[in-house]
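Let me begin by presenting the structure, written as structure tokens, before commenting on it.
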Amino acid sequence: MKYAMGIDIGSTTSKGIILNDRREIVSSFLVHAGTGTGGPQQVRSTLLSEAGLTEADIGYTVVTGYGRNTYEPADARMSEMSCHARGTHELFPGARTVIDIGGQDAKVLRLDGNGRLISFLMNDKCAAGTGRFLEVMAAILQMDVSDLEKQAALTEETLEISSTCTVFAESEVISQLAKGAEIPALIRGICRSVAVRTAALARRAGIEEQICMSGGVAGNGGVRQALEKELGVTIRYSPLAQLTGALGAAHYAMDRAEKGVTGHE
Ligand code: ADP
């Protein structure tokens with residue numbers, strides 16, 4: 001049996017997937033250690049041990065993400081845009097728009113019917129509208145980012161965060177807390193702030209159904225729902241959202257393994 005590996009080295013996390021030649025996921029792994037850390041190597045060794053495989057079993061490895069250029073054991077490197085496009089297409093064959101919010105940037109990708117990237121727009125200049133914004137706010141509230149969704153679901157009320165800048169928004173949240181603001185409503189305001197920024201990017205990129213979300217922030221239902229409301233659309237989401245880039249990379253790797261491609265590209 002042939003196996004292929006996809007690794008996505010992000011700014012905050014490293015992710016990986018091994019596919020077998022029926023393109024089934026035989027192992028997947030995510031670690032909160034991104035580029036410049038031991039995260040990528042940990043992903044590779046954990047994927048192999050969980051699947052009961054050795055290096056020699058892997059026909060091809062494609063690496064993507066922000067840290068892809070400094071990772072040695074790669075047969076090929078591909079952009080995260082192409083890999084998120086492909087990964088989303090494998091999860092949702094009808095996808096035409098992908099909204100990918102990661103740790104330090106947000107992207108809106110437009111796909112053709114075959115999952116190929118037609119165009120994209122990216123915000124990588126400002127922390128607002130990215131996972132970093134949520135992390136800063138979660139730290140003020142002494143919570144983990146993964147707790148935000150549960151809290152946001154506790155109320156229907158949303159407190160407006162008027163500052164678009166992360167630093168000013170941080171002061172605004174601190175001052176709201178000092179005034180005794182209700183935390184779930186404040187968290188809904190924080191989620192809405194990310195959604196407003198992302199919706200503006202999506203409108204500029206142009207959106208077409210089906211619209212799907214990928215990246216770590218997609219795991220937050222509060223942001224997804226606020227974004228649906230802002231754009232007036234339904235957004236599809238898979239529990240594999242944060243692994244979408246690794247999934248796309250693994251499929252590209254399997255395309256090459258099937259063709260018998262060997263060696264570095
Ligand atoms: P990168 O590839 O840049 O490391 P990811 O797509 O892996 O980015 O996403 C990481 C970001 O997602 C981090 O900023 C993290 O705080 C955020 N994140 C992860 N899980 C959640 C969650 N459940 N709710 C909100 N944000 C989340």
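Overview of results
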{"quantity": "Accessible area in the full protein assembly, largest first, 1.4 Å probe, for D105, D144", "calculated": "D144, D105"}
{"quantity": "Gain on full stretching of the segment that runs from D57 to A178 - 0.36 nm per residue minus C-alpha separation", "calculated": "37.8 nm"}
{"quantity": "Estimated inter-spin distance, K2 and E72, nm [label 7 Å along Cα→Cβ]", "calculated": "2.7"}
{"quantity": "Accessible solvent surface per residue of the range 93-237, calculated while the other protein chains remain in place, 1.4 angstrom probe, Å²", "calculated": "46"}
{"quantity": "Positive dipole terminus of the range 109-192, leading residue within F133, G113, C165 (C-beta point charges)", "calculated": "G113"}
{"quantity": "Gained length - E228 relative to E157, 0.36 nm times residue gap less alpha-carbon distance", "calculated": "23.9 nm"}
{"quantity": "Solvent-accessible area, 1.4 Å probe, carbon plus sulfur percent, for the range 93-237", "calculated": "49"}
{"quantity": "Förster radius 41 Å - calculated FRET efficiency between M122 and E50, Cβ distance, rounded to 0.05", "calculated": "0.80"}
{"quantity": "Listed residue pairs exceeding 28 Å between alpha carbons, taken from K150/K229; K15/K229; K15/K125; K107/K259; K15/K150; K2/K107", "calculated": "K15/K229; K107/K259; K2/K107"}
{"quantity": "Anchor K179: aspartates and glutamates whose Cα lies under 17 Å away (excluding residues fewer than 8 positions away in-chain)", "calculated": "E157, E160, E170"}
{"quantity": "Volume per residue of the C-alpha convex hull in the range 45-128, rounded to whole Å³", "calculated": "130"}
{"quantity": "Whole-Å distance, taken between Cα centres, linking the range 20-65 and the range 186-265", "calculated": "21"}
{"quantity": "Within the range 17-96, GluC sites (Glu not before Pro) in DSSP loop having at most 12 other beta-carbon neighbours inside 10 Å", "calculated": "E24"}
{"quantity": "Dipole magnitude of the range 195-265, debye to nearest 20 (Cβ charges: Lys/Arg +1, Asp/Glu -1, about Cα centre)", "calculated": "240"}
{"quantity": "Probe 1.4 Å, all protein chains present, accessible-area order of S119, S162, largest first", "calculated": "S162, S119"}
{"quantity": "Selected from G221, G36, G180 as most flexible by GNM, with the chain as the system and alpha-carbon contacts under 10 Å", "calculated": "G180"}
{"quantity": "E156, E209, E230, E172, reordered so the largest accessible area comes first (probe 1.4 Å)", "calculated": "E156, E209, E230, E172"}
{"quantity": "Alpha-carbon Debye profile of the chain, log10 I(q)/I(0) at 0.09, 0.15 Å⁻¹", "calculated": "-0.41, -1.01"}
{"quantity": "Label-point gap, in nm, between S79 and V261 - each point 7 angstrom along Cα→Cβ", "calculated": "1.7"}
{"quantity": "Spin-label pair Q142/Q42, simplified geometry with 7 Å Cα→Cβ offset, distance in nm", "calculated": "2.6"}
{"quantity": "Average projected area [Cα convex hull, the range 193-265], square nanometres", "calculated": "6.4"}
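The values are calculated or read from the model by the stated rules, or taken from the named source; none is laboratory data. Keep in mind that this is a model prediction, so the values were computed, not measured. Virtual Cβ from ideal backbone geometry, glycine too; neighbours counted across all protein chains shown. Protein only, heavy atoms only, side chains kept; ligands, DNA and RNA dropped before computing areas. Shrake-Rupley method; radii C 1.70, N 1.55, O 1.52, S 1.80 Å.
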